[in-house]
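The values are calculated or read from the model by the stated rules, or taken from the named source; none is laboratory data. Every value quoted in this text rests on a predicted model; they were computed, and no experiment measured them. Cβ coordinates were reconstructed from backbone atoms using ideal geometry, including for glycine residues, and neighbour counts include every protein chain displayed. For accessibility, only protein heavy atoms count, side chains too; no ligands or nucleic acids. Shrake-Rupley method; radii C 1.70, N 1.55, O 1.52, S 1.80 Å.
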Amino acid sequence: DVFGYVTYWLFPKQQYGHLDNNGVRPDRAGQGWATFMYREVLDRFRREGLRFAHVDTGLDDAHIPARRAYEAVGFDRAVPSVDLWQDLAPG
C-alpha cells in the first residue's frame, strides 16, 4: 500500500541534492511519514558525500504542512526568489 513518495535529484559536481515532488496520502498526514522520508533522503545525500540539500515550496496555505516538515528535518535557510509565468492561451 503506497501512501507516500519523495523524488530527488543528485548533483555531485555542485555538491548538493534537491528534494523534488513528494507527498503523503491525506489519511496518513500528520503521522510523521514526510519527516521519515525526508530524513532517509538526507541520509542518502550524506552517503553520497554531498554538502548541501535544497528544497523549494509554495508560500500559500496549502504548503504550510510541507514547510513544517522541511523545517522539522533541519531546513532553515530561505532565499527569496521570483517565479514568472506566462499565459500561453490565445488572445
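Points to keep in mind about this one:
- Flag if G32 is of a type outside the set (K, R) and farther than 23 Å from F11 by Cβ: yes
- Taken over segment 40-64, the residue count meeting the criterion of being of a type outside the set (A, V, I, L, M, F, W, C) and farther than 19 Å from A78 by Cα is 7.
- Restricting segment 36-91 to residues that are on the phi > 0 side of the Ramachandran plot and modelled with pLDDT of 90 or more, the residue that is farthest from the chain's Cα centre (by Cα): G49
- Close Cβ contacts (under 6 Å, 6 or more residues apart or on different chains) running from residues in segment 16-35 that are in contact (Cβ under 8 Å) with a residue 24 or more places away in the chain to residues that are of a type outside the set (D, E) and in a loop (DSSP other than H, G, I, E, B) comprise Y16/L50; G17/L50; L19/V55; R28/F3; T35/V73.
- Scanning segment 33-86 for residues that are open to solvent by 100 Å² or more (accessible area, probe 1.4 Å) and part of a helix (DSSP H, G or I) yields F36, R39, R46, R47, D61, R68, E71.
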